[in-house]
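Any read-out appearing in this document is the output of simple, stated calculations on the displayed coordinates, not a laboratory observation. Quick caveat: nothing in here was measured; it's all calculated off a predicted structure. Don't worry about glycine lacking a Cβ; one is built from the backbone with ideal geometry, like all the others, and counts go over all protein chains shown.
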Amino acid sequence: MTRRIATYVVLGILAIVVQKFFDDFASISSISPELVILFVVFVTLREGQMVGMEAGFVTGFLNDILSTHFLGFTSFIAVVASFVAGFFYKEADVDLTGRTLNYVWICAIALFVSEFVSIPIVSAGELNYWYVFLKFTVGETVYTALLAMVVVFVNGRKSRYV
Amino acid sequence: MFRWLSEFLPFARNYIVFTLLVALSLFLISLNNNRQVRNLQVVGTLTTSYLESGVQDVVGYFQLASVNRELEKANARLINMLARTRRAINENRQLKEMLNLKQQSSVPLIAAGVVGRVTDGGKNFVTINVGTKDGIQEGEPVMSGSGLVGTIYLAGEDFSIVRTLMDNSSRISARVVNDSTDGIVTAGEQGALELKDVSRRHHVRPGNIVETSTLSSISPPGIIIGTVTSASNRPGSIFKEVTLEPAVDFSSLSDVFVMKYRPSGKAAALESRALREKR
């Protein structure tokens, strides 16, 4: 159990650090993949909705502190994403998390919903809703799903599930 | 009531936590204008900036090859620009000298551009873009802002060939300014000129200026030819060996003047008459 928690902590920190790297070097028109969400969905699918939401809040909070985002914004998205992902939690599939394409579409749905509900916060009365929806909601969802696919293929090669 | 709560709470536990965490997140968002929250983010951002700097160094290392290629291209462009600028500066200097010369000259001058060069087997010619149409005649002296270039060797309709001082067949009567020593300037070795027929008794020193002589039947007197670089007495010879550095840089010659100079015919006629009477 301790080992598992330590692994999640390391993965979470890694996700935050690499997220910074992606924001700086891999963003396309200020759209970058949400690694924190990939991590949170991963934890949710393995540990359940409750643990996922808690992990999402803490990871999002740390990510916001270490970046120039709105403090609480990534927490909000991560909590919503893990809440949505929690509905796909099945204890029997725990070992397959991150190794099948299920992970990709669950990530996409979770991120789409969380980005969608955050539109009013991002827009803040200044940006066009459709613009925010197409650019951030759809854009980040697609980009993150592509990265999730890479994770699945890299991870899945170790097993016979992909 | 308690029983209902004990049944409801496990069922709604996730929803309650979700609501609480979302509310907490929204509360944090609402605190973003708070100065302490900003300070917290500044500290966090500064902490990660060290990491980012390290990552940028690594990324920069892998980009070195492309950056190097870009720099090489930029360098080539700058070298090209520098060469053009140098050429323009040189041309500008020559034109200024020529303008100065034109204002001071008592002889009519015809401006010309150098369009070609021939250097082969001791021949040293330059082609200029004026010819007989412009009133050019063979034998007329040609000069630049720095000094004497040579004489018109062939005059075509639109172009003329100038035999420069560096040509092996070139002979110009000259004198050393400080000493009034006369001699003949011919082409020397390795881009130098030689002043010949200078008697050993004359004191010619390096640094002396050599110009066209009053005895010259080709060019008007007082046009600078070059500067003495060495003068020595050769054993067994009654003449000095004098080497000159030409005043004109023949390698970068771009603009010249043709001097509409004709030596006085009366003096030549008088000399002929004297010779005939003597006989």
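Here chain A has an Rg and Dmax of 15.0, 49 Å, counting Cα atoms alone. Taking all Cα pairs closer than 8 Å and separated by 6 or more residues, the relative contact order of chain A comes to 23 percent. If you bin all the Cα-Cα distances of region B:131-184 at 5 Å, starting from zero, the percentages per bin are 5, 19, 22, 22, 17, 8, 5, 3, 0. As a proxy for reagent exposure, ranking B:Arg163, B:Arg3 by other Cβ atoms within 10 Å from fewest up yields B:Arg3, B:Arg163. Computed over the protein assembly as shown, the percent of Cα pairs more than 37 Å apart is 56.
Can you give me the relative contact order of chain B as a percent, contacts being Cα pairs under 8 Å and 6 or more apart?
Rounded, it is 15 percent for chain B.
The magnitude of the dipole of chain B, with charges of +1 and -1 set on the Cβ of Lys/Arg and Asp/Glu and taken from the Cα centre, is near 380 debye. A straight line joining the Cα centroids of region B:215-261 and region A:1-62 runs 86 Å. Helix A:35-47: angle to the longest alpha-carbon principal axis of chain A, degrees 0 to 90, nearest 10? For helix A:35-47, the angle is close to 40 degrees. For region B:109-262, build the charge dipole from Cβ charges (+1 Lys, Arg; -1 Asp, Glu) around the Cα centre, then report which of B:Ser254, B:Pro221, B:Leu148 sits farthest towards its positive end. Going by the Cα projections, it comes out as B:Pro221. In chain A, the longest principal axis of the Cα atoms and the axis of helix A:102-117 are about 30 degrees apart.
The label-point distance for B:Arg200 and A:Leu101, in a model that sets each label 7 Å from Cα toward Cβ, rounds to 10.8 nm. Ordered by the count of other Cβ atoms within 10 Å of each Cβ, fewest first, B:Met81, B:Met143, B:Met259 give B:Met81, B:Met259, B:Met143. Placing a pseudo-label 7 Å from each Cα along the Cα-to-Cβ vector at B:Ile79 and A:Ile28 gives an inter-label distance of 3.9 nm.
Candidates A:Ile31, B:Gly60, B:Gln36 compared by Cα position along the dipole of the protein assembly as shown: farthest toward the positive end lies B:Gly60, with charges placed on Cβ.
Output the Kirkwood hydrodynamic radius of chain B, Cα pairs only, in Å rounded to one decimal.
25.6
Could you check which residue among A:Ile31, A:Ile16, A:Ile121 shows the biggest mean-square fluctuation in a GNM of chain A with a 10 Å Cα cutoff? Of the options given, A:Ile121 has the highest mean-square fluctuation.
Span-like helix criteria (full DSSP H runs; alpha carbon extent of at least 27 Å along the helix axis; mean Kyte-Doolittle hydropathy of at least 0.0) are satisfied in chain B by B:2-30, B:35-62. Computed over Cα pairs, the Kirkwood radius of region B:109-262 leads via Stokes-Einstein (0.692 mPa s, 37 °C) to a diffusion coefficient of 212 µm² per second. For B:His202, no residue 5 or more places off, or on another chain, has a built amide H under 5 Å of its own. Note on the protein assembly as shown: lysine pairs with Cα distance below 24 Å, sequence gap of 8 or more or different chains, count 9. Ranked by how many other Cβ atoms sit within 10 Å of their own Cβ, fewest first, the residues B:Ser230, A:Ser118 fall in the order B:Ser230, A:Ser118. Each of B:Val176, B:Ile136, B:Leu165 was placed along the dipole of chain B (beta-carbon charges, centred on the mean Cα), and the one lying farthest toward the positive end is B:Val176. Placing unit charges on the Cβ atoms only, positive for Lys and Arg and negative for Asp and Glu, gives region B:109-262 a dipole magnitude near 500 debye about its Cα centre. How far is helix A:139-156 tilted off the main Cα axis of chain A, in degrees rounded to 10, range 0 to 90? Computed tilt is about 20 degrees. Basic side chains Lys and Arg get +1 at the Cβ, acidic Asp and Glu get -1 at the Cβ, and with that the dipole of the protein assembly as shown about its Cα centre reaches some 1200 debye.
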